[in-house]
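As structure tokens, the structure follows; a few thoughts come after it.
The values are calculated or read from the model by the stated rules, or taken from the named source; none is laboratory data. Quick caveat: nothing in here was measured; it's all calculated off a predicted structure. FYI the Cβ positions are ideal-geometry reconstructions off the backbone, even for glycines, and counts take in every protein chain you see. We work out accessible area using only protein heavy atoms, side chains counted, and drop any ligands, DNA or RNA first. Shrake-Rupley method; radii C 1.70, N 1.55, O 1.52, S 1.80 Å.
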Amino acid sequence: MPYLFIKIAVDDGVPPIFLAWVRIVLGAVVLLGLAWRAGVLGPLRGRWRWLAVFGVFDVSLPFPLIAAGEQHVASSLAAIIVAAAPLFVALLALRFDAEERATGARLVGLLVGLAGVVALVGIDVAGRSDELLGALAVLTAAFCYAIGPMVLKRHLADLDPRASMGAALAVAALVLTPAVLISPPSSAPTGSALVALGALGLFCTAAAFAFYAALVAEAGPGRALVITYVAPVVALALGVAVLGEHPGAGAVVGLLLILAGSWLSTDGRLPPGLAARAGLRRRSRSPRAPSEGVADCAG
């Protein structure tokens with residue numbers, strides 16, 4: 001959903017830096033307020049260096065880059081490019097995280113996903129310099145999104161997500177404030193842009209970051225970024241239905257390859273809950289021997 005709201009705001013003339021700053025400030029105020037009320041801000045002491053690193057790489061850099069990119073590319077295209085984030089996690093893991101390292105099927109997935117990025121850029125964007133620059137801006141944001149969860153897993157996973165994400169957003173807002181003061185918006189946002197900014201701040205930043213931090217702590221950065229499997233599908237549907245976008249052949253081919261590659265590069269596993277349900281369904285559908293029923297009753 002954020003890609004839709006970003007597109008609405010930038011098309012209404014909201015500058016990318018200002019858009020990013022507003023959603024970050026709204027998210028920080030909400031999360032820090034909830035963390036203060038819950039009394040979970042104390043453990044942040046001594047963690048500000050890593051909170052700053054996370055805030056810069058997961059917020060300050062990618063938020064404006066995606067907004068700037070969407071000035072030149074469709075919202076659905078931006079979401080598909082961001083789906084390459086798990087591939088960058090696999091690349092970075094070669095040097096920084098043995099648990100997330102790509103071998104075997106994961107390495108194949110990495111190559112398939114990279115082929116998807118090449119197909120997407122080469123077919124749908126090639127020959128149009130402004131769209132190419134927009135796509136590269138979003139791809140750089142995807143790389144930043146790969147760094148953030150690795151930092152979160154190693155140094156911040158034990159913190160309450162409301163506190164850690166609220167603090168990281170506050171740092172990110174401070175980083176972007178000078179740029180906003182130097183180049184403020186030339187006019188007041190339109191009504192639709194204000195609605196988009198509010199949705200971005202409250203739902204796509206405050207709520208999303210709290211859930212995201214908890215997910216990274218439980219599943220690890222590579223598998224947590226499986227959320228990017230769903231994002232481009234939703235963004236593609238919203239882009240077509242709401243904005244009247246028409247994705248080209250490269251977008252479709254790239255989407256399929258990136259999703260397949262990302263799935264393989266994260267071991268191609270279902271989340272534990274879904275896997276357990278799938279196993280229960282298979283068991284319920286298969287005929288059981290009489291002894292199995294007796295064992296169940298005895299248990």
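Here are the numbers for the structure shown:
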| read-out | value |
| --- | --- |
| Residue that is assigned to a helix (DSSP H, G or I) and modelled with pLDDT under 80, where the choices are Leu4, Leu87 | Leu87 |
| Qualifying residue in segment 180-192 (condition: touching a helix residue (DSSP H, G or I) at 6+ places or on another chain (Cβ under 9 Å), among the small types (Gly, Ala, Ser) and surrounded by 15 or more Cβ atoms within 10 Å (Cβ to Cβ)) | no |
| Test result for Val195, open to solvent by 70 Å² or more (accessible area, probe 1.4 Å) and at pLDDT 95 or above | yes |
| The lone exception for Ala135 - which of (1) surrounded by fewer than 19 Cβ atoms within 10 Å (Cβ to Cβ); (2) touching a helix residue (DSSP H, G or I) at 6+ places or on another chain (Cβ under 7 Å) it fails | (1) |
| Helices (runs of 4 or more DSSP H) (entirely within segment 216-267) containing at least 2 residues that are at pLDDT 75 or above and open to solvent by 60 Å² or more (accessible area, probe 1.4 Å) | 227-242, 249-265 |
| Index of the failed condition, Lys7 passing every other in (1) open to solvent by 10 Å² or more (accessible area, probe 1.4 Å); (2) within 17 Å of Ala179 (Cβ to Cβ) | (2) |
| Residue within segment 44-54 that is more than 20 Å from the chain's Cα centre (by Cα), in contact (Cβ under 8 Å) with a residue 24 or more places away in the chain and open to solvent by less than 60 Å² (accessible area, probe 1.4 Å) present | yes |
| Those residues of segment 10-26 which are among the small types (Gly, Ala, Ser) and at pLDDT below 95, in sequence order | Gly13 |
| Test result for Phe63, aromatic (Phe, Trp, Tyr) and either surrounded by 23 or more Cβ atoms within 10 Å (Cβ to Cβ) or not in a helix (DSSP H, G or I) (or both) | yes |
| Scan of segment 198-215 for residues that are more than 14 Å from the chain's Cα centre (by Cα) and surrounded by 18 or more Cβ atoms within 10 Å (Cβ to Cβ), ordered by number | Ala199, Gly201 |
| Verdict on Leu31 being open to solvent by less than 20 Å² (accessible area, probe 1.4 Å) and either touching a residue at least 24 places away in the same chain (Cβ under 8 Å) or not in a helix (DSSP H, G or I) (or both) | yes |
| Members of segment 66-84 found to be open to solvent by 10 Å² or more (accessible area, probe 1.4 Å), closer than 8 Å to Gly134 by Cα and part of a loop (DSSP other than H, G, I, E, B), listed by number | Gln71, His72 |
